[in-house]
Amino acid sequence: MTRLVELEETGPRKLDPSDIDGEKGDVAICQCGLSDSFPFCDGSHRETLDEDEEATYVYDGSDRSIVERVVTRDDRDDE
């Protein structure tokens, strides 16, 4: 499975001591792209547990859709 993720930042986020979870003592970085506290994990990845390995998904809030085809600029130039 893949996910289309829209990001707006143009640079890195530097971690500082306040980013460490005082209870757990760790920092979890989001790898699914769905976290409301991106780049930190907030557990949103649980929504992806039933995704089909062969599908590409786009998430819009709590709605999830399967994408049939992703077209890039290079793809359009070939048509």
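Go from 0 up to the bin containing the longest alpha carbon distance in the chain, width 5 Å each, and give me the % of pairs per bin.
All Cα pairs, binned at 5 Å, distribute as 3, 12, 19, 19, 15, 14, 9, 5, 2, 1, 1 percent.
Step through the residues of the stretch 40-47 one at a time and calculate ³J(HN,Hα) from phi using the Karplus curve (6.51 cos²θ - 1.76 cosθ + 1.60, θ = phi - 60°), rounding each to whole Hz and writing x for Gly and Pro.
Those phi angles translate into 8, 6, 10, x, 4, 4, 4, 5 Hz.
So who's got an amide H within less than 5 Å of the one on residue 2, skipping anything under 5 residues away but keeping other chains? H placed 1.01 Å off N, in plane.
Counting only residues 5 or more places away or on other chains, the set is 55, 56, 57.
Show the residues, 5+ positions off or on another chain, whose built amide H is closer than 5 Å to the amide H of residue 40.
Answer set, sorted by chain and number: 30.
So what is the relative contact order for the chain, in percent, with contacts set as C-alpha pairs under 8 Å and at least six apart? Working shown, then result.
Numbers: 67 pairs, mean separation 23.8, N = 79.
The normalised contact order for the chain reaches 30 percent.
Sort 73, 13 by Cβ crowding within 10 Å, fewest neighbours at the top.
73, 13
Given the options 22, 43, 33, which has the most mean-square fluctuation in a GNM of the chain, springs set between C-alpha atoms less than 10 angstrom apart?
Taking springs between Cα atoms under 10 Å, the residue moving most is 22.
Which of 11, 35, 71 sits farthest toward the positive end of the charge dipole of the chain, with +1 on the Cβ of Lys and Arg and -1 on the Cβ of Asp and Glu?
Most positive-ward Cα: 11.
What size of dipole, in debye to the nearest 20, comes out for the chain about its Cα centre when the only charges are +1 on Lys and Arg C-beta atoms and -1 on Asp and Glu C-beta atoms?
280
Using the Karplus equation 6.51 cos²θ - 1.76 cosθ + 1.60 (θ = phi - 60°), what ³J(HN,Hα) coupling, rounded to whole Hz, does each residue of the stretch 29-38 give in order, writing x for Gly and Pro?
9, 5, 10, 9, x, 9, 5, 6, 10, 3
Mind listing the phi-derived Karplus ³J(HN,Hα) values for the stretch 3-10, rounded to whole Hz, using 6.51, -1.76 and 1.60 with θ = phi - 60°, and x for any glycine or proline?
Result, rounded to whole Hz: 9, 8, 10, 9, 10, 10, 5, 10.
Read-outs: derived from the displayed coordinates by stated rules, not from any lab. Because the structure is a prediction, the values reported are computed rather than measured. When we count neighbours, we look across all protein chains shown, and the Cβ atoms used for this are built from the backbone with ideal geometry, even at glycine.
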